[in-house]
Each structure stands twice: as structure tokens, then as C-alpha cells.
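**Student:** The structure under discussion is supplied below as C-alpha cells; questions concerning it will follow.
Read-outs: derived from the displayed coordinates by stated rules, not from any lab. Only a predicted model underlies this, so the values are computations on that prediction, with no experimental measurement involved. Glycine also receives a Cβ, built like all others from the backbone with ideal geometry; neighbour counts cover every protein chain displayed.
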Amino acid sequence: MESLYAESDKKTALSTKPLVLSDLGIRFVALVIDLLLFCIILAIIDYYTISSDETALLLKPERLLHVLLGWLYFAGTETCPCQATLGKYVAGLKVQDSAGGRLSFINASIRYFAKPLTLFVLLFRFITRSGLPQYQLLHDKLADAQVVPRS
């Protein structure tokens, strides 16, 4: 009876591949592509809309629309069947949950809104010279997500 369990454990050990997370450099390239695309879209929107207060740079009412569009772009594209934003898709990456499936919209939203917190943690680690994380960042851990190479 024990040999049956040992054989099934060997089969499951052979069938699972080690998880390879993408490194920070390629993720940065994907983020730059996404930000360039998003800035172009926002510039077009700003050009064709009338601002309520031209003297206010950051405190315009339209900034709420920008945050909403960013949230829908990032969270929406990471939950779609391709599991990636345009930048991640071009860089050959995808976002998945810890089980290897698609992210839920709630987890993708948590991931989006936790990105500024990750930025502060990265800046703190850079200033204190404690090294940068190589693979899974804070917003990925909070959302139970992983960014992996597309296979």
C-alpha cells in the first residue's frame, strides 16, 4: 500500500515544473511601454476636454477620470484571457494567480491600487541600500499574483 502512495508522489513531483518568475528589468520595460501608451491616451483626452481649472496642475477634477481609466486598463487587461497589459504582452509576460490561473478583477484591483505602496518600499530599500527584490514585489504579494514569462 505504501508503494502506491510513493509512486503517486513521484508522478506528481515529476509533472510539476518549477515556477519561474520574471525579473525586475523586463517588468520595468513592460511598465514603460504601458505608461507611454497610457500617457498618449491621456494627452488625447486632455486635448479634447475642457478643464474646469487650468491653473491647478494636479488637483483637477479630471484626475479622477485618469485614475479610473488607469484602473480599468490595468485591472481589466490583466484579467482578460491574454492575462497581460499591452506592455507585458510585448515583453512576453503574463500575470497569474498563485494557482496558475487568471486573476480575479478584485485581485487585479488590489494589485493596481497597491502599486504606489510598492514604489515607496522600493525607494526605501534603494535609499537604505538593502537591495532590490528580484522577482515578486509587494503589490504582487498583496494580490496573490505572479508575473511569469508567457509560455
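**Student:** Rounded to whole Hz and in sequence order, give me ³J(HN,Hα) for segment 25-32 from the Karplus expression 6.51 cos²θ - 1.76 cosθ + 1.60, θ = phi - 60°, writing x for Gly and Pro.
**Tutor:** x, 5, 5, 5, 4, 4, 5, 5
**Student:** Moving on to the next point. What residues have an amide H closer than 5 Å to that of Ser22, excluding those fewer than 5 places away on the same chain, when H is modeled at 1.01 Å from N in the peptide plane?
**Tutor:** Val147, Val148
**Student:** Whole Å is fine, so just give me how far the alpha carbon centre of segment 80-114 lies from that of segment 115-151.
**Tutor:** 15 Å
**Student:** Within 10 Å, count the other beta carbons around each residue, average over each peptide in 64-72, 121-129, and list them highest first.
**Tutor:** Values: 64-72: 13.1, 121-129: 10.7.
Going from most to least packed, we get 64-72, 121-129.
**Student:** Taking Rh as the Kirkwood radius, which is the inverse of the mean 1/r over Cα pairs, what is the Rg/Rh value for segment 27-151? If you can, show how the numbers build up before the last one.
**Tutor:** Numbers: Rg = 16.0 Å, Rh = 15.8 Å.
Using Cα coordinates only, the ratio equals 1.01.
**Student:** Find how much the distance from Leu36 to Phe124 grows on full extension, using 0.36 nm per residue of separation minus their present alpha carbon separation; answer in nm with one decimal.
**Tutor:** On the way: separation 88, 0.36 × 88 = 31.68 nm, distance 2.55 nm.
Extending this stretch completely gives an extra 29.1 nm.
**Student:** Per residue of segment 108-117, in order, report the coupling 6.51 cos²θ - 1.76 cosθ + 1.60 (Karplus, θ = phi - 60°) as ³J(HN,Hα) in whole Hz, putting x for Gly and Pro.
**Tutor:** Whole-Hz 3J(HN,Hα) from phi for segment 108-117: 5, 5, 4, 4, 5, 6, 8, 4, x, 5.
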